[in-house]
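Data first, discussion second: the structure below is written as structure tokens.
The values are calculated or read from the model by the stated rules, or taken from the named source; none is laboratory data. Predicted model only: the values in this text are computed from it and were never measured. Please note: Cβ atoms are built from the backbone with ideal geometry, for glycine as well, and neighbour counts cover all protein chains shown. Accessible surface is based on the protein model in full, side chains and every heavy atom, while ligands, DNA and RNA are left aside. Shrake-Rupley method; radii C 1.70, N 1.55, O 1.52, S 1.80 Å.
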Amino acid sequence: MKPEPEHDHAVVLELGAAASHTLGERTSHAGATIAAEVTPVENWLELELGVAGIAAKGGPELSADLLFKKPWRLSPRAEFMAGIGPEVVHSTAPGGGTFLGGEAVLDFMYWPRKNLGWYVEPAYDLVSRHGTERGLGVSAGLLIGWP
């Protein structure tokens, strides 16, 4: 099968599952994520705004991040990105609240069809929650390119 020509989308929607592991507490939790990505500077900068919901101990946690990512096209169908950006985490657990942090990610995207693909995005984050909390995470799922 011949690869399709390179095609960039105006907006890429990411729908997926998410998992996180807090390094200090050694706890793991799962949930879901949704994000939208745009490319303001071709081959140089992609912006991703995402929201995740995690079923954490004591109640759900919601997080939102804005990532600044540098893309590298590996082939007409595959792309790799590295990014960093701020994060806000809201915990509904007793003693919870809203906390600020930062996140670094690696992102691999594969497009077997013109507007449909999949992604895997491992992450490392630091959140200022009663001291500095370090965590590892991963999200993976479906990509929908528009148009």
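The table for this structure:
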item: Residue in segment 133-140 that is of a type in the set (Lys, Arg) and farther than 19 Å from residue 26 by Cα present; result: no
item: Residues (out of contact with any Pro (no Cβ under 9 Å at 6 or more places or on another chain), open to solvent by less than 30 Å² (accessible area, probe 1.4 Å), closer than 28 Å to residue 95 by Cβ and of a type in the set (A, V, I, L, M)) located in segment 16-66; result: 18, 52, 56
item: Residue that is nearest to residue 9 (Cα to Cα), among those in segment 67-88 that are open to solvent by 60 Å² or more (accessible area, probe 1.4 Å) and touching a Leu at 6+ places or on another chain (Cβ under 9 Å); result: 80
item: Condition broken by residue 95, with the remaining ones in (1) assigned to a loop (DSSP other than H, G, I, E, B); (2) without any contact (Cβ under 8 Å) to a residue 60 or more places away in the chain; (3) within 19 Å of residue 37 (Cα to Cα) satisfied; result: (3)
item: Subset of segment 23-41 that is in contact with a strand residue (DSSP E or B) (Cβ under 9 Å, 6 or more places away or on another chain) and among the charged types (D, E, K, R) - its residue that is nearest to residue 103 (Cα to Cα); result: 37
